[in-house]
1. Pick out, in residue order, every one of the GluC sites (Glu not before Pro) in segment 3-101 that is DSSP loop and has at most 14 other C-beta atoms within 10 Å; say none if there are none.
2. Based only on other Cβ atoms within 10 Å, what is the fewest-to-most ordering of ARG186, ARG51?
3. When Lys and Arg each count +1 and Asp and Glu each count -1, what net charge do the other residues less than 14 Å away from SER24, Cβ to Cβ, add up to?
4. Between LEU44, LEU88, LEU17, which gets the highest mean-square fluctuation from a Gaussian network model of the chain, Cα cutoff 10 Å?
5. Subtracting the Cα-Cα distance from 0.36 nm times the residue separation, let me have the gained length for MET1 to TRP135 in nm, one decimal.
6. Any idea what the relative contact order of the chain is, in percent, if you count C-alpha pairs under 8 Å spaced at least 6 apart?
7. So how far apart, in nm, are the two label points at HIS55 and ARG171 if each is 7 Å from Cα heading toward Cβ?
8. Sort largest first and round to whole Å: the equivalent ellipsoid semi-axes of segment 17-139, each the square root of five times a Cα gyration tensor eigenvalue.
Amino acid sequence: MAKRIFVLCGNPVSGSLCEEFARSYAAGASQGGHECRCSFVGQLRFDPNLRYGYHQRLELEPDLLAAQESMRWAQHLVFIYPTWWGSLPALMKGFIDRTFLPEFAFRYRPGSVFWDKLLKGRSARLIVTMDAPWWWDTIVNGATSRHTMAAPVLKFSGVRPVRQTVFDQVRRSTPEKRAAWIERVRQMGASAG
């Protein structure tokens, strides 16, 4: 069954492996008969600083409004990003802070500790790159970037399941290995996985 897919490349560096993954995923999705929209965080024009928290509304720039509309439209969300210092790139974190807002991603219930999950009914895939071995990131660092995206952001907003794919030791990878990774990501796109 065809799906509507939104892909965010969270690496702000043009020409990065993450950008290649995003383009490969989108090409695979198209080949698989799915509809796919892509955004590249480094090409978006927005202030990444949620300067007032939730205390004062900060108007969303057109690029963020378009990204929110694409996430509402999508049935499957794909976030592709590198792990930098055990976390998300700052610009991607700013994108999350500015778009996953109350009344878009969730709604607090008055007088309650519970909330409404406004992105319910969607699934997600995290495709994460890192120079460290995956086991080091998982055991020593607690997989912080993946945990943050999967639980406090996506599951909090109702997105389930959230699957994860890690490509590690990127700095030491060969061109052949990278080509195999890119093909694997294309196949994920074709199956909307």
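1. Sparse-neighbourhood loop GluC sites (Glu not before Pro): GLU59.
2. ARG51, ARG186
3. Details: positive: ARG23, ARG125, ARG178, ARG184, ARG186; negative: GLU19, GLU20, GLU183.
Residues close to SER24 contribute a combined charge of +2.
4. Looking only at LEU44, LEU88, LEU17, the biggest GNM fluctuation is shown by LEU44.
5. Computed gain between MET1 and TRP135 is 44.8 nm.
6. Here the relative contact order equals 29 percent.
7. Computed distance between label sites HIS55 and ARG171 equals 4.0 nm.
8. 25, 19, 16
Computed from the coordinates by the stated procedures, all read-outs in this text should not be read as laboratory data. Everything numeric in this text was worked out from a predicted model, so none of it was measured. Positions of Cβ are backbone-derived with ideal geometry, glycine not excepted, and every protein chain shown enters the neighbour counts.
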